[in-house]
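The values are calculated or read from the model by the stated rules, or taken from the named source; none is laboratory data. Keep in mind that what you see is a predicted model, and the values were worked out from it rather than measured. FYI the Cβ positions are ideal-geometry reconstructions off the backbone, even for glycines, and counts take in every protein chain you see. Only protein heavy atoms, including side chains, enter the accessible area calculation; ligands, DNA and RNA are left aside. Shrake-Rupley method; radii C 1.70, N 1.55, O 1.52, S 1.80 Å.
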Amino acid sequence: MQRAQDFSILVVEDLDPLRDLICLILEEDGYHVESASNGKEGLELFSAKHFDMVFTDLLMPVMSGIEMGEKIKRINKKLPIVLVTAWMMEYTESEVHSKGIDYIVKKPFSEDQLRQLARNELGTKEKPTITYI
């Protein structure tokens, strides 16, 4: 198993506090995390750097998470993409999956949901537990 610090994750979310929270959760597990505030910025960052996983919001200005996900999958079909959203009205789950989204996490989410998804998908070890005596 590889260590979390061996992996880079891209977080794309237009709401600053939520983007910061998702980044913090993943960084606490040791992942290298970079972020963007919309799908266009996320796609540009993805094209310029290497990422092992993407977490994205659905509804964002400029380019949605679905559009960005479709474009990323044209570049790397195996890259896991996680849609973190409160809105699914315009898409069914099967439509979302057909557009390249591998997982859907509904808001509000728990920290454990995001951590476990990254650990399972990237095959990373859990952060060691420190015991104070």
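Only the Cβ atoms of Lys and Arg (+1) and of Asp and Glu (-1) were treated as charged; on that basis the dipole of the chain about its Cα centre amounts to roughly 460 debye. A crude spin-label estimate for the pair residue 32 and residue 74, with each label 7 Å from Cα along the Cβ direction, gives 2.7 nm.
Dipole orientation for the chain: of the candidates 35, 110, 81, 81 has the Cα lying most toward the positive pole (charges on Cβ; Lys, Arg +1; Asp, Glu -1). For the chain, the longest piece that avoids every one of the chymotrypsin sites (Phe, Trp or Tyr not before Pro) found in DSSP loops with at most 12 other C-beta atoms within 10 Å covers 1-86.
At a 1.4 Å probe radius, carbon and sulfur cover how many percent of the accessible area of the chain? Whole-percent figure for carbon plus sulfur exposure: 51. Our summary gives the range 45-100 a relative contact order of 42 percent, counting only alpha carbon pairs under 8 angstrom and 6 or more residues apart. For the residue pairs 40/99; 73/107; 71/107; 40/71, the C-alpha atoms sit more than 21 angstrom apart in 73/107; 71/107. Using 0.36 nm per residue and subtracting the Cα-Cα separation, the extra length available between residue 63 and residue 50 on full extension is 2.6 nm.
Tell me the relative contact order for the range 3-133 as a rounded percent, counting alpha carbon contacts under 8 Å between residues six or more apart. Dividing the mean separation by the residue count of the range 3-133 yields 24 percent. With each run of n ≥ 4 DSSP H residues scored as -39500 (n - 2.57), what mean residue ellipticity at 222 nm is computed for the chain after dividing by its residue count and rounding to the nearest 500 deg cm²/dmol? Mean residue ellipticity at 222 nm (helix-derived): -11500 deg cm²/dmol. Using alpha carbon centroids, what distance separates the range 94-125 and the range 1-59, in Å? The distance from the Cα centre of the range 94-125 to that of the range 1-59 comes to 13 Å. Relative to the longest principal axis of the Cα atoms of the chain, the long axis of helix 111-122 lies at roughly 90 degrees.
Of the labelled figures (i) 107; (ii) 117; (iii) 176, only one reflects volume of the Cα convex hull per residue in Å³ as derived from the coordinates, namely (i).
Between helix 39-48 and the chain there is an angle of about 60 degrees, using the helix long axis and the longest principal axis of the Cα atoms.
Counting charges near residue 100 (Lys, Arg +1; Asp, Glu -1) among other residues having Cβ under 9 Å from its Cβ returns a value of +3.
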